[in-house]
Amino acid sequence: MPAPTAAELDEYAARRARLMEAVGADGIAIVPAARETVRNRDVHYRFRQDSDFWYLTGFGEPDAVAVLAPGRDGGAFVLFVRERNKEREIWDGRRAGPEGAVKTYRADQAYAAAELDRMLPALLAGRSKVFYTLGEHPEWDVKITACVREIREVSRRGPAAPTEFVALDTSLHELRLIKTPAELAALRHACAVSAQAHVRAMRASAPGVWEWQVAAEIHHEFEKHRMEPGYGSIVGGGDNACILHYTENDAQLADGDLLLIDAGGEFRGYTADITRTFPVNGRFSGPQKDVYEVVLAAQKAAIAELKPGNSSGRPHEVATRVLTEGMVALGLLQGDPDELIHTEKHRQFYMHGTGHWLGMDVHDVGRYKLQGQPRPFAEGMVMTVEPGLYIAPDAPGVDPRFRGIGIRIEDDVLVTAAGPEVLTPGVPKEVADVEALMRG
Ligand SMILES: [Mn+2]
């Protein structure tokens, strides 16, 4: 994880201040960092910081905990971090230690992580609400709940014990849902490089090439820009495009097949999420083009709905409607589109949603519904728009020409006062533009 810039550190401080407004003087927020995960024997997976923790601190080490205690004597922002250790640092790399946490990361106070157990009772005492998401960090769940129980037992004599655990969904995750200009700058960069990676993948694709070789082109483009995949890249040729989360990427591309690529790079914590589907040999067949144009029309209609005040349920409604009308026109379904949607017949070929929030997590945080209704869009929200049609190779009662065609088109869209802004226009999606790119 890159060291934070001064501007980023200012931004993290502003985010903490905003979160503390929501937490209030009688509350406390506890946000653990990610832990390292064993890959095999004594090797770890590449470390990725927890998004909530990163959002608030910019601190890139595992096994830390951030505590935000508004009004606390000695300072509201307390970081618990790994201690410095000459021997370990020679093997595993530098550590900031408590001193670095204060100096570099602007903690008011910082302690060794091992001190948290000892200090937790004093931090929690007198706070009625604990903003902490139970169930995500089993180790901390045990410690924190045990500590609350302990305070309750002695609270007849001492300060009041917390009475409420509050998930971070309604506070921190609502902040993360609305992207700041700094977040959008990072996301725009992630989107631009990811679009470039898709262009490169289109150019590298041809009959006989292997899916993993195409994936390598994409990942090379990411790494050249100090990025990494924000999620497992999907590179699925032919029938594999009909497997929604296909990540084996181990088949050879065949002449006449389509290739579906769903891949996005992460830049300074923000990931793009782009899908394109194109012909391996550079030319759409008639049936491929027919299905593709339906998906593209659905995607454009859905994107147009991302306006402030519009229901965030609209893109899916609109996409489903256009796709279902298209399925009827192509003869994939028979009947009245409204009735087909009502009875969910469209789900045979379109079985997923049309989009999700996007940000530090590819399926980003933020509630989709308020009071049981899809929430309205607001400026600064970013959502993917990704309709598709998937006609299984053994789909019953389907014209054989359509069998095995899987198509998804996905862009990342920012809600602005002026309307939807597509952040990923750098990779073509019109039939003529895709074919021209692959000819060139
Ligand atoms: Mn997506």
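The values are calculated or read from the model by the stated rules, or taken from the named source; none is laboratory data. Worth saying up front: this structure is predicted, and the values here are computed from it rather than measured. So basically every Cβ, Gly included, is an ideal-geometry build from the backbone, and we count neighbours across all protein chains shown. Ligands, DNA and RNA are stripped out before the accessible areas are found, and what is left, the full protein with its side chains, is counted by its heavy atoms. Shrake-Rupley method; radii C 1.70, N 1.55, O 1.52, S 1.80 Å.
What the table shows:
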read-out	value
Which listed residue, of 324, 271, is touching a residue at least 60 places away in the same chain (Cβ under 8 Å) and β-branched (Val, Ile, Thr)	271
Count - residues of region 421-435 that are away from the ligand (no atom under 16 Å from the Cβ) and either in a strand (DSSP E or B) or open to solvent by 60 Å² or more (accessible area, probe 1.4 Å) (or both)	5
Matching residues, region 78-92, being out of contact with any helix residue (DSSP H, G or I) (no Cβ under 6 Å at 6 or more places or on another chain) and under 26 Å from residue 183 (Cα atoms)	78
Residue in region 363-381 that is in contact (Cβ under 8 Å) with a residue 24 or more places away in the chain, within 24 Å of residue 416 (Cα to Cα), within 11 Å of the ligand (Cβ to nearest atom) and aliphatic (A, V, I, L, M) present	no
Subset of region 241-258 (residues that are under 23 Å from the mean Cα position of the chain (by Cα) and on the phi < 0 side of the Ramachandran plot)	241, 242, 243, 244, 245, 246, 247, 248
Test: residue in region 329-349 that is surrounded by fewer than 14 Cβ atoms within 10 Å (Cβ to Cβ), of a type in the set (Val, Ile, Thr) and out of contact with any Pro (no Cβ under 8 Å at 6 or more places or on another chain)	yes
Hey, residue 24 in contact with an Asp or Glu (Cβ under 6 Å, 6 or more places away or on another chain), within 29 Å of residue 126 (Cβ to Cβ) and surrounded by fewer than 20 Cβ atoms within 10 Å (Cβ to Cβ) or not	no
Among (1) free of Cβ contacts under 8 Å to residues at least 24 places away in the same chain; (2) crowded, with 20+ Cβ neighbours inside 10 Å - the single one residue 43 does not satisfy	(2)
Identity of the residue in region 70-92, of a type outside the set (D, E, K, R) and under 28 Å from the mean Cα position of the chain (by Cα), that ends up surrounded by the most Cβ atoms within 10 Å (Cβ to Cβ)	81
Answer residue from region 348-360, given it is under 21 Å from the mean Cα position of the chain (by Cα) and away from the ligand (no atom under 11 Å from the Cβ) and is farthest from residue 418 (Cα to Cα) among those	351
Residue identified as over 27 Å from residue 126 (Cα atoms) and touching a Gly at 6+ places or on another chain (Cβ under 9 Å) among 70, 4, 62	4
Residue among 265, 208, 236 that is in the same structural domain as residue 401 (by TED's automatic domain parsing), open to solvent by less than 10 Å² (accessible area, probe 1.4 Å), of a type in the set (Gly, Ala, Ser) and farther than 21 Å from residue 389 by Cβ	265
Flag for residue 274 being open to solvent by less than 10 Å² (accessible area, probe 1.4 Å) and modelled with pLDDT of 95 or more	yes
Selection count, region 382-404, where residues are among the β-branched types (Val, Ile, Thr) and away from the ligand (no atom under 15 Å from the Cβ)	2
